[in-house]
Every structure is written in C-alpha cells, then in structure tokens.
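These notes are about the structure you will find just below.
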Amino acid sequence: MKSICVYCGSNSGSRPVYAERAASLGRMLASQGLAVVYGGGNVGLMGIVANAVLEAGGDTAAAMAAAGYRSRSHFTRAFRQAHGRTPGASRAT
C-alpha cells in the first residue's frame, strides 16, 4: 500500500485529545511512508492530520471537490493560495 485516505472533521472537536490523536496519526502515517489523501482542507482534524504528515516529511494529495469554483484553474489558484502548492503536489523537501 502506498497511500491511505483520511476522512475526518473540519472541526477540531470538543476534547483536546482529538487534535492530539489526529497529529499522532499524521506523524505515524508519514513514518510508515504512506501518502495521505484527504479532503484538502487546512482546518479541523483533517488539517491537523495533513499538517502533521507534512511536518514529518510525508506526502499528501488533496481530493477537494471543485464544486463552487468557476473553472479548474480558479480552483487550482484558490488551492495554491491556501496551501502554497498545487492540488496533488507533495511538499518539497
């Protein structure tokens, strides 16, 4: 297996342990060499997992729906502004 999809909330939850476990999951996945496919958000538990993966030197790929965007280029531009990279591109090391 080369990647795993993570689906979780765009809210960090009511208990700090949720955020702690999300970060732990992200670090563990990166340490196992698994790329994480996620919803593309940078908030809540999903953002915590993705950020932990990136901070640990792992790779992520966004599967964010382009609904509500005028065109693919508009979506790509918005994603780049939010994440500093294009959708599906992993972080430069």
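Near ARG21: Cβ cut-off under 14 Å, other residues only, Lys/Arg at +1 and Asp/Glu at -1. The net charge is +1. Less than 5 angstrom separates the built amide H of THR60 from those of VAL36, ARG91, all sequence-distant by 5 or more or on a different chain. Applied to the stretch 11-16, the Karplus parametrisation 6.51 cos²θ - 1.76 cosθ + 1.60 on θ = phi - 60° returns per-residue 3J(HN,Hα) values of 10, 7, x, 8, 10, x Hz, with x for Gly and Pro.
Largest first, the residues TYR7, TYR18 sort by 1.4 Å accessible area into TYR7, TYR18.
The values are calculated or read from the model by the stated rules, or taken from the named source; none is laboratory data. Just so it is clear, the model here is predicted, and its values are computed rather than measured. Neighbour counts run over all protein chains shown; Cβ positions are idealised from the backbone, glycine included. All accessible areas refer to the heavy atoms of the entire protein, side chains included, with ligands and DNA or RNA removed. Shrake-Rupley method; radii C 1.70, N 1.55, O 1.52, S 1.80 Å.
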